[in-house]
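First the structure, in the form of C-alpha cells, and then the observations on it.
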Amino acid sequence: MRAYADIEDPFGSAPESSGGEAPGSGGQPRPPRKKRLPPARKVAYSAIGAALSVVMITIAAWLPVTVAPLVLISICYNIVSEKCGIGYGVITMLVSVALGFLCSAANVAVLVLVAVVFVPYSLLCFFIRRLDYKGVPRTVARMLIVAAFAALEVLIVYNIGNALIAVNDYVDLSGIISFIAGGNFALGYVMVTLIAVVLFVLVDFVYVYFSRRIIAKLK
C-alpha cells in the first residue's frame with residue numbers, strides 16, 4: 001500500500017497553508033492569499049461604518065468638538081474601503097453624509113468639513129495606502145502628498161466660506177485669517193496654510209497608526 005501511494009503521488013502533497021513552499025519555486029514561500037469577504041459581510045461592514053460615521057457627525061455637530069470625531073469618520077471609511085473595496089467605501093461615504101445631513105443639518109460647518117475635507121481625505125488615503133510611515137522614501141512621499149492636500153483644502157474651504165458667509169454657524173475663515181496676521185490677509189493666509197499642513201500631517205500619522213491596527217484585527 002505504501003509503494004502504491006508513492007506511485008500515485010511521487011512528489012508529495014503541497015502544503016495547504018498559504019505560507020508553504022510552491023513546488024519548483026526554489027524553496028521560495030508562497031505569498032499569503034488575501035481572504036475574499038462574502039457579500040453579506042461586506043454589506044455588514046458598510047452598514048456599521050455608515051452608522052458609526054453618522055454618530056461621529058452628530059457628536060461633532062452638537063458637542064464642542066470637531067476634528068477628533070471627523071478623523072474617526074475617515075478611519076471608518078478607510079476600514080470599509082480596504083476590507084470590502086473602494087465601491088463599498090464610496091457607498092458608505094454617500095450614505096453617511098446623507099444621513100448626517102438629516103441628523104445635523106443645522107450645523108453647516110461640520111457637514112462642509114465632512115463633505116469637502118474628510119471624504120476626499122479618505123479617498124486619498126485609499127489610493128496612497130501603500131505609502132506608510134515605514135522607511136524614509138515612503139514617509140517623505142506621503143507627507144508631501146498630505147501637505148499638498150492640506151494646502152488645497154485651505155483654499156477650497158476659504159472659497160466655500162466666502163460663498164456661505166451668511167449661513168448660520170459657518171466659521172468666517174476670511175475674518176480669522178485677517179485677525180491672525182493683524183489685518184494682513186496674505187500673511188495670515190500663509191500662516192493658516194502652514195498650520196493646516198502641520199496639523200494634517202500629524203493627523204495622518206495617527207490615522208495610519210490606528211487604522212492599520214484595527215484592520216489587522218478584523219476578520
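The values are calculated or read from the model by the stated rules, or taken from the named source; none is laboratory data. Note that the structure is predicted; figures quoted are calculated from it, not measured. Keep in mind that these areas ignore ligands, DNA and RNA; they rest on the heavy atoms of the full protein, side chains included. Shrake-Rupley method; radii C 1.70, N 1.55, O 1.52, S 1.80 Å.
Table for the structure above
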| quantity | calculated |
| --- | --- |
| Sequence of ARG213, ARG129 when ordered by accessible area, the most exposed leading, probe 1.4 angstrom | ARG213, ARG129 |
| Surface per residue (accessible, 1.4 Å probe) for segment 79-125, Å² | 36 Å² |
